[in-house]
Amino acid sequence: MYLYDLTKYPKLFCCVYWGRFKLDNFNNDVDVFENRNKFVEEFKITKVCKMPKYVEKNIEIEYKKNIIDHLECYRTDEKDYILVSSPYGNGNENIYLENGWIVYNKLYLSDVFTYIKIIPMRNKKI
């Protein structure tokens, strides 16, 4: 059994690094699985996707500072992109927050903070 099997959305999470861990090799708690389900429902996630170039450019600073870890990219039913990063270690919080990331429910491990960044669809009318 894999981690993605313990969510309501295995078709989404089987495609990300986190989801491909075997349950017996992973120390996790129920909150992470529940948080993953809530994430999909709250943001109306429709799929895991590859980042378009304009989205990737939006996180250049984070790449240059080498703080991105366990990066996941999702698309919403509104066609926006939501990036998820769950870095290990301390000291990166300010860089994330200064660059438009939001602290979110833990989606990787119960002892690792998760940050999300919402990037609107290119040319979206607001």
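We did not get these values from a lab; they are worked out from the coordinates using the rules stated. For clarity, every value in this text was computed on a predicted model and none was experimentally measured. Ideal geometry is used to build each Cβ from the backbone, glycine not excepted, and the neighbour counts take in all protein chains shown.
Points to keep in mind about this one:
- Summed side-chain charge close to Pro87 - residues other than Pro87 whose Cβ falls under 15 Å, Lys, Arg +1, Asp, Glu -1: -2
- The residue list Pro10, Phe21, Cys49 was ranked by how far each Cα lies along the charge dipole of segment 3-119 toward its positive end, using unit charges on Cβ atoms, and Cys49 comes out on top.
- Degrees between helix 30-43 axis and first principal axis of the chain (Cα, 0 to 90, nearest 10): 40 degrees
- Inter-label distance, nm, simple model (7 Å from Cα along the C-beta direction), Tyr17/Asn37: 2.6 nm
- Fully extending the segment from Asp24 to Asn105, taken as 0.36 nm per residue of separation minus the present Cα-Cα distance, adds 26.8 nm.
- Whole-Å distance, taken between Cα centres, linking segment 8-54 and segment 108-122: 11 Å
- Segment Lys8-Ile61, length gained on full extension (0.36 nm per residue, minus Cα span): 15.7 nm
- Classification of segment 6-126 by its C-alpha gyration tensor yields an oblate form. The axis ratio a/c (a ≥ b ≥ c) is 1.5 or more, and b/c is at least a/b.
- Dipole magnitude of the chain, debye to nearest 20 (Cβ charges: Lys/Arg +1, Asp/Glu -1, about Cα centre): 740 debye
- The label-point distance for Ile95 and Met1, in a model that sets each label 7 Å from Cα toward Cβ, rounds to 3.7 nm.
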